[in-house]
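The structure under discussion appears below in the form of structure tokens.
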Amino acid sequence: MLRLTPRRGRRGDRGASAVEFAILVPVLLLILLGILEFAFVLRDYLSVSSAVRVGTRVAASGAGSKAATCPNPLPTGMTACAGTDTPQLAQSAADAIQRAGTAMAQDAIDEIWVYRANTSGYPANSYYTSVANPNNTTGATTQAAMLAAGCNTACVKYAWNDAQNKFEYRGGVWDYTKINACIKDPDAVGIYMKATHPFFTKFIRSTISMTDRSVMSFEPLPAGQCAPGAHN
């Protein structure tokens with residue numbers, strides 16, 4: 001005698017599968033979005049890290065550069081300009097970061113610091129303060145201390161100018177004539193960058209700050225031109 005399979009079981013299985021699918025889809029979607037968010041965060045972090053290293057290499061090769069030049073009058077949309085109390089190497093480093101380009105939008109970069117680094121790799125506060133401390137090891141020793149002290153002496157700050165489509169001077173001074181670029185114990189130059197990464201899902205938060213810095217010793221200049229005051 002032929003027996004028919006009850007339809008109730010099949011319908012019940014289909015209903016259970018539909019419920020399971022409805023439960024799993026949001027979870028899988030959250031996992032997928034989380035992976036995408038992490039990928040974008042990693043991309044922008046690598047962009048910041050790459051940018052500071054590009055800028056530092058350019059700055060480290062510019063110990064013999066002269067003072068920065070400032071057009072007069074300022075072009076339309078330009079609000080500030082580095083004068084003769086800042087080195088051209090700082091603007092060259094900022095321009096190199098712009099030319100190199102990154103996966104991160106350049107207007108997401110909040111600021112760039114180009115500075116003379118102390119032995120901790122952070123901005124030094126002054127120059128050659130004593131015979132016992134000829135290379136000035138004073139200054140910030142942590143990033144928190146660096147941010148609290150600000151970019152002032154031997155430190156030049158830049159920020160993105162949408163109107164000019166380039167990084168623009170925003171403050172700080174650096175007497176380029178005091179740079180020591182002799183092969184024995186040369187000064188070091190550092191670049192610090194702060195950028196803001198926007199989250200596209202905004203489930204947890206809308207943005208996150210990203211920072212990185214890079215430090216290199218200045219490339220030596222020829223003897224007779226390398227000491228402070230000799231390459232002005």
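Bear in mind these aren't lab numbers, they're just calculated from the coordinates by the rules spelled out. All values reported here derive from a predicted model rather than from experimental measurement. Cβ placement follows ideal geometry from the backbone for every residue including glycine, while neighbour counts extend to all protein chains displayed.
Using the Cα atoms of the chain, I'd like the radius of gyration and the largest Cα-Cα distance, Dmax, both in angstrom.
For the chain, the Cα radius of gyration and maximum Cα-Cα distance read 26.9, 111 Å.
How large is the helix-only mean residue ellipticity at 222 nm for the chain, computed as the sum of -39500 (n - 2.57) over DSSP H runs with n ≥ 4, divided by its residue count, in deg cm²/dmol to the nearest 500?
Value at 222 nm, helices only: -11500 deg cm²/dmol.
Beyond a 24 Å Cα-Cα separation, which of these cross-linked pairs lie in this structure: K166/K194; K66/K166; K157/K178; K66/K194? Kindly include the intermediate steps, with their values, before the conclusion.
Details: K166/K194 16 Å; K66/K166 21 Å; K157/K178 19 Å; K66/K194 27 Å.
Those over the limit are K66/K194.
What order do you get for T142, T86, T76 when you list them from fewest to most C-beta neighbours inside 10 Å?
Values: T142 10, T86 25, T76 7.
Taking fewest neighbouring Cβ atoms as first place, the list is T76, T142, T86.
By the scheme Lys and Arg +1, Asp and Glu -1, what is the net charge of all other residues having a beta-carbon under 13 Å from that of R99?
For residues surrounding R99, the net value is +1.
Return one number: the angle in degrees, 0 to 90 and rounded to the nearest 10, between the long axis of the Cα atoms of helix 88-100 and the longest principal axis of the Cα atoms of the chain.
The angle comes out at about 20 degrees.
Could you grab the relative contact order for the stretch 21-217? Cα pairs under 8 Å, six or more apart, rounded to a whole percent.
Relative contact order for the stretch 21-217 comes out at 25 percent.
Against the longest principal axis of the chain, how steep is helix 7-60, in degrees 0 to 90 to the nearest 10, with axes from Cα atoms?
Compared with the principal axis, the helix lies near 10 degrees.
Can you sort E20, E111 from fewest to most other Cβ atoms within 10 Å of each residue's own Cβ?
On the way: E20 10, E111 17.
The most exposed by this proxy come first: E20, E111.
Using Cβ contacts closer than 10 Å as the measure, can you line up M216, M146 from fewest to most?
M216, M146
Please state the charge dipole magnitude for the stretch 21-217, taken about the Cα centre, from unit charges on C-beta atoms (+1 on K and R, -1 on D and E), reported in debye and rounded to the nearest 20.
The calculation lands at about 200 debye.
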